[in-house]
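Q: Provided herewith is a single structure, encoded as structure tokens, for subsequent inquiry.
The values are calculated or read from the model by the stated rules, or taken from the named source; none is laboratory data. Every value quoted in this text rests on a predicted model; they were computed, and no experiment measured them. For neighbour counting, all protein chains shown are included, and Cβ atoms are generated from backbone atoms with ideal geometry for every residue, glycine included. Just the protein is used for accessible areas: all its heavy atoms, side chains included, with ligands, DNA and RNA removed. Shrake-Rupley method; radii C 1.70, N 1.55, O 1.52, S 1.80 Å.
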Amino acid sequence: AQSVTQLDSHVSVSEGTPVLLRCNYSSSYSPSLFWYVQHPNKGLQLLLKYTSAATLVKGINGFEAEFKKSETSFHLTKPSAHMSDAAEYFCVVSHNQAGTALIFGKGTTLSVSS
Amino acid sequence: EAGVAQSPRYKIIEKRQSVAFWCNPISGHATLYWYQQILGQGPKLLIQFQNNGVVDDSQLPKDRFSAERLKGVDSTLKIQPAKLEDSAVYLCASSAGTSGGRYEQYFGPGTRLTVT
């Protein structure tokens, strides 16, 4: 069985400070891991994905995540937050077998203050 | 390229009524997904199609929910009769293949259903 746990339901940062959104996963297989972002009244957008290649994954808008198998973690980071980063972020697990669904975490709301 | 289209964007119905949602995937995408996102939670897969065949419907409440993709392109999701707990955003997504990790899923804007 697969699951993800997003450790913080809400994270607040100031503009220009680092962002850290934490995610732990559980998977019986070699997982694929993703981070999606959801802005209000907009569709889900893929930020980045890990599929068993490099453990440090770079995504769009300056975000990156590191796959740590020993810690079963896939935390999302950004060196400097921007006001436009305020949104809901979802950590997602899947694996590469055909027909396997994406399993979403409950989400972390990121607030950015000026 | 055009994204995943969904309609309507919003729907309010009374419990025990029926409702239908429509999705048009990205052109050429063989795989189509319907997700349910309840407020405060992440999306949960309801059903996955590969062309016009069902790949996974294990989490679809079949006593009240049905979905079809007759020509392997557009899809409709129906709820009959609706319950209060069906209030949620219904997301449609499409991808070029079925592998959960290999092919990116592209999401539509969703239909927000309120059942009163």
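Q: When the residues of the range B:39-57 are narrowed to those that are farther than 21 Å from A:G43 by Cβ and open to solvent by less than 60 Å² (accessible area, probe 1.4 Å), which ends up nearest to the other protein chains (Cβ to nearest Cβ)?
A: B:D56
Q: Could you please find all residues in the range A:44-83 being surrounded by 19 or more Cβ atoms within 10 Å (Cβ to Cβ) and among the small types (G, A, S)?
A: Passing the criteria: A:A65, A:A81.
Q: Sort out which residues of the range B:67-108 are in a loop (DSSP other than H, G, I, E, B), open to solvent by less than 40 Å² (accessible area, probe 1.4 Å), within 14 Å of chain A (Cβ to nearest Cβ) and in contact (Cβ under 8 Å) with a residue 12 or more places away in the chain, and write them in order of number.
A: Listed by number, the residues that qualify are B:G97, B:T98, B:Q105, B:G108.
Q: Answer yes or no: is there a residue in the range A:50-73 that is in contact with a Ser or Thr (Cβ under 9 Å, 6 or more places away or on another chain), aliphatic (A, V, I, L, M) and more than 22 Å from B:F107 (Cβ to Cβ).
A: no
Q: Turning to a different aspect of this structure: Consider only pairs whose beta carbons are under 8 Å apart and that are at least six residues apart or on different chains; among these, list those whose first residue lies in the range B:28-46 and is free of Cβ contacts under 8 Å to residues at least 24 places away in the same chain and whose second residue is among the acidic types (D, E) and open to solvent by 10 Å² or more (accessible area, probe 1.4 Å).
A: If the second residue must be among the acidic types (D, E) and open to solvent by 10 Å² or more (accessible area, probe 1.4 Å), the pairs left are B:L45/B:D56.
Q: Can I ask one more? What number of residues within the range A:28-67 are more than 11 Å from chain B (Cβ to nearest Cβ) and under 14 Å from A:V4 (Cα atoms)?
A: Count: 3.
Q: Limited to the range B:1-38, what total is found for residues that are within 15 Å of B:A82 (Cβ to Cβ), open to solvent by 80 Å² or more (accessible area, probe 1.4 Å) and assigned to a loop (DSSP other than H, G, I, E, B)?
A: So the count comes out to 4.
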